[in-house]
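What follows is a short report on a single structure.
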Amino acid sequence: MNHADTRTDEGPDIREQLDRTNALLQRVLAEVSKTPSTHAIFVDAGYVYAAAGLLVTGTEDRRSFDLDAEGLIEAFIDKARTIFADSRLLRVYWYDGARRRIHTVEQQSIAELPDVKVRLGNLNANNQQKGVDSLIRTDLESLARHRAISDAALVGGDEDLVSAVEAAQGYGARVHLWGIEAGEGRNQAEPLLWEVDSQRTFDLDFCRPYVTRRSVTMYEDDSPAPARDDVRFVGAQIAASWLTSRGRDALADLLPGHPYLPGSVDQDLLVEAERLLQHSLRGHAHLRRALRDGFWQHLQAQY
């Protein structure tokens, strides 16, 4: 009788525990249903520069055009806000390359934008990015694993990103591939297109406001090339003007990159030197080195 009584007494207790558990689960599910989904935007800057530059200006060379990264990022955010209407933005991840992973002045300005995280891989001797794809995979996988995002907009085209897509999808996130229109053929790998959950392409009209060709004045090469010392002196002159307009804070940012100059600074230096010398330095590698030497020599003397 005692054993029977024990079983009889335990029955209601088990039912009550099950009822409490079910009620708790219902409350949790109700809270989850109220929680807004979250999305993030992952931008391979190397792809964007190459694809947008080629589409708008006909060249992939960063030195030949300016990209309004702030305006383009804002356009991406607006587009995501429309597509993921019931979702909130976590942040924009901007992946780029830099020598020794030291931010250029341009990359610093991008990093200061709200809701933007700049992640840097390396640049090799041929100015090719290294390590960017692995950074994208790490971030995508980590955010998806921790349920920090439900949707990822990936702006890129490299086949190496397939593993990043698969990793994020394995944790339940949806990955949407965004690309930039190619003049001919495709600028995104087919295996990447096959793996993603959706695709979207931005056309010339979308990209044109954010890409501006740099005006480079061409000079006749009939006259003798300037002397190396003259070019070095001009480099120092330009450095003095640059320091006056930018200030010592910009100088401190620039010095860690020695002997390399950010692409935008190097291009401005070349254009201004050609204007002052009234002679093209294209095709004169030794004179361009002298120009940079004069520029750096003046800046380092002021530090």
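Brief remarks on what is shown
- Summed residue charge, Cβ within 11 Å of P226's Cβ, Lys/Arg positive, Asp/Glu negative: -1
- Solvent-accessible area of R213, all protein chains in place: 130 Å² (probe radius 1.4 Å, heavy atoms, ligands and nucleic acids excluded).
- Surface composition of segment 185-303: carbon plus sulfur atoms contribute 47% of the solvent-accessible area (1.4 Å probe, protein chains only, all chains present).
- Separation in nanometres of the label points that stand 7 Å from Cα toward Cβ, at S142 and R63: 3.5 nm
- If both residues of a DSSP beta bridge must be in the chain, then about 15% of such bridges are antiparallel.
- Segment E16-K79, length gained on full extension (0.36 nm per residue, minus Cα span): 17.7 nm
- Sorting R289, R200 on solvent-accessible area from highest to lowest, probe radius 1.4 Å, gives R289, R200.
- Measuring with a 1.4 angstrom probe and ignoring ligands and nucleic acids, V56 comes out at about 40 Å² accessible.
- Of the residues V211, A239, T59, the one whose Cα sits farthest toward the positive end of the charge dipole of the chain, with +1 on the Cβ of Lys and Arg and -1 on the Cβ of Asp and Glu, is A239.
- Each stretch of four or more DSSP H residues adds -39500 (n - 2.57); spread over every residue of the chain, this sum gives -17000 deg cm²/dmol at 222 nm.
- Solvent-accessible surface of the chain, taken per residue with a 1.4 Å probe and all protein chains present: 55 Å².
- Using the Cβ-Cβ distance between A225 and R186 with R0 set to 41 Å, the FRET efficiency works out to roughly 0.45.
- About the Cα centre, charge dipole magnitude for the chain (Lys/Arg +1, Asp/Glu -1 at Cβ), debye: 720 debye
- Among T38, T82, T21, the order of accessible area from largest down is T82, T21, T38, computed with a 1.4 Å probe on protein heavy atoms.
- Measure of compaction for segment 58-190 (Cα Rg per 2.2 N^0.38 Å): 1.08
- Projected label distance in nm at W194 and E112, using a 7 Å step from Cα toward the beta-carbon: 4.6 nm
- Our summary of shape: the Cα atoms of segment 112-268 have principal axis extents of 63, 38, 29 Å, ordered from largest down, in whole angstrom.
- With all protein chains modelled, accessible area of I14 [1.4 Å, Å²]: 90 Å²
- Reported label for calculated volume of the Cα convex hull per residue in Å³ given [x] 128; [y] 180; [z] 315: [y]
The values are calculated or read from the model by the stated rules, or taken from the named source; none is laboratory data. Predicted, not measured: the structure shown is a model, and the values here were computed from it. Neighbour counts are summed over all protein chains in view; Cβ atoms, including those assigned to glycine, are modelled from backbone coordinates with ideal geometry. Ligands, DNA and RNA are stripped out before the accessible areas are found, and what is left, the full protein with its side chains, is counted by its heavy atoms. Shrake-Rupley method; radii C 1.70, N 1.55, O 1.52, S 1.80 Å.
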